[in-house]
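To start, the structure under review is shown below, and the notes come after it.
The values are calculated or read from the model by the stated rules, or taken from the named source; none is laboratory data. Just so we're clear, the structure is a prediction, and the values are computed from it rather than from any experiment. A quick note on method: Cβ atoms are made from the backbone with ideal geometry, for glycine too, and the neighbour counts reach across all protein chains shown.
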Amino acid sequence: MNQPVIVVEGLRKVYGDVVAVAGLDFEVEAGTILGLLGPNGAGKTTTIEILTTLRRADAGRATIAGFDVGRQPELVRRVIGLAGQAAAVDDRLTARENLDLFARLYKLPAPERRARVDELIERFDLGGFADRLVATYSGGQRRRLDVVAALIARPPAIFLDEPTTGLDPRSRLELWREIRAMADEGAAVVLTTQYLEEADRLADDIVIIDRGEVVARGAADELKKDLGRDVLVVHVSDPADLPRAAELAGDGADVATDAGHRMLTVQLGDGPPEALAVLRRLSDAGIPVEDFQLRRPTLDDVFLTHTEVRR
Ligand SMILES: Nc1ncnc2c1ncn2[C@@H]1O[C@H](COP(=O)(O)OP(=O)(O)OP(=O)(O)O)[C@@H](O)[C@H]1O
Ligand SMILES: [Mg+2]
């Protein structure tokens, strides 16, 4: 087994009366990607900020490549790359100048620096705008630059906080390929995302947190298998019928509604026979159904099952 590069033990952070991180434990081995998932406010960014020395934990400990994030922050900064939710690049410089600056910070020697910057501009397709001021970039162009800046020094630990938010589908696919490549070259990667398909495609291991606590962990396939149950998806004609439909469909924990999509999802204990029974109850109650579908669990189902609804 590979050595873990990132080791997190009992990590905790409290802001006033908000427990942002409530005692997290996880490890990330070299060459693997950990998907850190959770609803808004779950504590993902706080965790990443602690691990990248931007914030101090209140309790617990974490090491990156053997360095302690609380006690050896300067050493930790040399072995990590970060693309955070708040951009680190300088608006008043071009992409090329920003990347050169990052390469200098990481003390890459001059000839290697230029070659590395050119390579990344080419690989991440930044060529079209690399010599323009960052202030003029679109959201997606800026996001791509953020990620490239995190990778410049080939750090053994890479932290990407929602790296593909706002990217077009092609840029997203290209970024996925490059993130995978970084892991294949040996990096330990922590990735947060709201796109569960992204975690499904990229992450070797998944940790789902809610209110700062781990609520589920495992490989995507294991998590789906553990859920084990088929899902019935019903679209009703009138969203006003949804609360009644949810009541008829089963007990609260296994039923979710989405008014915007006029959709009811039911985790079935018993597959097709139960699906038929639910549809019959809706029909008997005179609730018009537009269409329905029976499907295997997805990572979305895993997420919705393990995290709480908060409105
Ligand atoms: N500086 C701060 N002061 C007070 N509370 C904070 C601070 N930063 C974060 N929080 C709170 O800590 C909790 C965790 O926030 P965090 O940003 O880590 O969540 P997240 O999982 O990254 O969410 P998102 O998906 O929205 O990015 C939230 O309740 C948030 O309001
Ligand atoms: Mg966040």
Exercise for the section: Name every residue in segment 173-199 that is buried (at least 20 other Cβ atoms within 10 Å of the Cβ), assigned to a helix (DSSP H, G or I) and away from ligand 2 (no atom under 16 Å from the Cβ), in order of residue number. Expected result: L175, I179, M182, A183
Practice task
May I ask you to list the residues in segment 21-33 that are within 16 Å of ligand 1 (Cβ to nearest atom) and either surrounded by fewer than 22 Cβ atoms within 10 Å (Cβ to Cβ) or without any contact (Cβ under 8 Å) to a residue 40 or more places away in the chain (or both)?
Solution key: A22, G23, F26
Practice task
Please tell me if A86 is modelled with pLDDT under 95, closer than 30 Å to G10 by Cβ and not polar (S, T, N, Q).
Solution key: yes
Handout entry: Answer residue from segment 77-106, given it is within 20 Å of M182 (Cα to Cα) and basic (K, R) and is surrounded by the fewest Cβ atoms within 10 Å (Cβ to Cβ) among those
Key = R78
Fill in the blank from the handout: In segment 1-20, anything over 13 Å from E213 (Cα atoms) and away from ligand 1 (no atom under 15 Å from the Cβ) is listed as M1, N2, Q3, P4, V5, I6, V7
Exercise for the section: Could you check segment 12-86 for strands (runs of 3 or more DSSP E) lying wholly inside it with 3 or more residues that are more than 18 Å from the chain's Cα centre (by Cα)? Expected result: 18-29, 59-64
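Can you tell me which residue in segment 154-164 is nearest to Y106 (Cα to Cα), limited to those that are part of a strand (DSSP E or B) and within 16 Å of ligand 2 (Cβ to nearest atom)?
F159
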Handout entry: Which numbered condition A130 misses (of (1) closer than 26 Å to R78 by Cβ; (2) buried (at least 20 other Cβ atoms within 10 Å of the Cβ); (3) under 26 Å from the mean Cα position of the chain (by Cα))
Key = (3)
Exercise for the section: Output the helices (runs of 4 or more DSSP H) that fall wholly within segment 88-153 and possess 3 or more residues being basic (K, R), farther than 18 Å from T165 by Cα and assigned by TED's automatic domain parsing to the domain that holds A187, or say none. Expected result: 110-123
Exercise for the section: Answer yes or no: is there a residue in segment 273-290 that is of a type outside the set (D, E), farther than 30 Å from V190 by Cα, in a strand (DSSP E or B) and at pLDDT below 95. Expected result: no
Handout entry: Boolean, T53 is surrounded by 14 or more Cβ atoms within 10 Å (Cβ to Cβ), touching a residue at least 40 places away in the same chain (Cβ under 8 Å) and either within 16 Å of ligand 2 (Cβ to nearest atom) or more than 20 Å from D210 (Cα to Cα) (or both)
Key = no
Exercise for the section: Take segment 200-213 and flag every residue that is of a type outside the set (D, E, K, R) and within 13 Å of ligand 1 (Cβ to nearest atom). Expected result: V207, I208, I209, G212
